[in-house]
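K.L.:
My questions all concern the structure below.
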Amino acid sequence: MALMDEGSKRRLRYCVTLMILIILFAVFVLLNISIGSVAVNPKEIIAILFGAPVNTTEYGIIWKVRLPRASAAVILGGALALSGFLLQTFFNNPIAGPYVLGISSGAKLMVAVVMVMALSKRHSIGSGALIAAAFSGSIISIGFVLLAARVMRRPSTLIVSGVMIGYICSAITDFIVTFADDASIVNLHNWSRGSFSGASWKDVRTMAPVALAASITVFLMSKPIGAYQMGESYARNMGVNIVLFRGIIVALSSVLCACVTAFAGPVSFVGIAVPHLIKLFLKTSKPLLVIPACFLGGSVFCLGCDLIARTVFAPVEMSVSSVTAVLGAPIVIAVMLRKKARV
């Protein structure tokens, strides 16, 4: 009976957390659509979404600017949170994340190379090319991190090596930008700050299948991920092919990170902060429960940060990465202090 009561409490906690996230999601979507240089009240939003005349200014603002931007924040925020969850599971390290381990910086470097080369020759860049470039950069960076992990067993040393890889990639990116022409520099600067600004429906149609397919695959792997969390020996005894499993985890986390970097630039701390917040609220790390909540939590977190980035100092717009760092860094510090206290 006691076990049943505990199970009921867990289910109730999960339902309440999910309901809070859904409410926050709806509220932030509405605020992102309605608030801006041109305010649109909820009645107008409902009318526009369900058949208002197409020639109004508000219609153009909502359908061509704010809805695509909010959609990008939802998709990429969820993808970034899942990428962080996978890396924390893979390295068994609570501080692991695409930004901290230098994976975002590697993706940023390769996208910068492609952008400069294409723009210098006056060629247009397709979304697929950007994702492919970011994916290759992510794979190269995570390869160096894995190499460091084989040599350096201590988690703190692994994090330091990831940070150093990030610095090296950022330095090379700055070097490339220094010798790029003016048009390339402007495009790179706006993109490298990290922002959902400028997202179009074309971008959303490209990022959505990639990010959602990877996210669904992550969810379908909940059982082997749960076994892996118990240790490699346990997972192997449960029939998990460790080599194949680790390869798939690396590929999925790289795809998710690459999708974010290609369209929004490097966005910091979401991949670390959100999984920890979700586990804290749910009081469990069970993948079947954490993965859906993690994606939704990442979407809510990025929607809120994007709203702050574009409204607090309007008409000046901050980079969303600055806001995520301000809100996410304290969570990372708290996790480190909590880990230190346990040791």
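No value in this document is a laboratory result; all are computed from the given coordinates. Owing to the predicted nature of the structure, the values given are computational and were not obtained by experimental measurement. FYI the Cβ positions are ideal-geometry reconstructions off the backbone, even for glycines, and counts take in every protein chain you see.
K.L.:
Scanning the chain for helices, which whole DSSP H stretches are 30 Å or more long along the axis (Cα) and average 0.5 or more by Kyte-Doolittle?
P.N.:
Qualifying helices, which must be both long enough and hydrophobic enough, are 2-34, 67-91, 127-151, 155-178, 242-264, 287-311, 320-342.
K.L.:
Let me ask something additional. Can you tell me the length gained on complete extension of the stretch Ser322 to Ile216, counting 0.36 nm per residue apart and subtracting the Cα distance?
P.N.:
Full extension from Ser322 to Ile216 adds 35.2 nm.
K.L.:
Between Val38 and Met19, with labels modelled 7 Å along Cα→Cβ, what's the label distance in nm to one decimal, could you check?
P.N.:
Result: 3.8 nm between the two label points.
K.L.:
Under a Cβ-Cβ cut-off of 13 Å, what is the net charge of the residues other than Val29 that fall near it, where Lys and Arg count +1 and Asp and Glu count -1?
P.N.:
Summing Lys and Arg as +1 and Asp and Glu as -1 gives +1.
K.L.:
Just grab the label-to-label distance for Arg205 and Leu31, each label 7 Å out from Cα along the Cβ direction, in nm (one decimal).
P.N.:
Those two pseudo-labels are separated by 3.2 nm.
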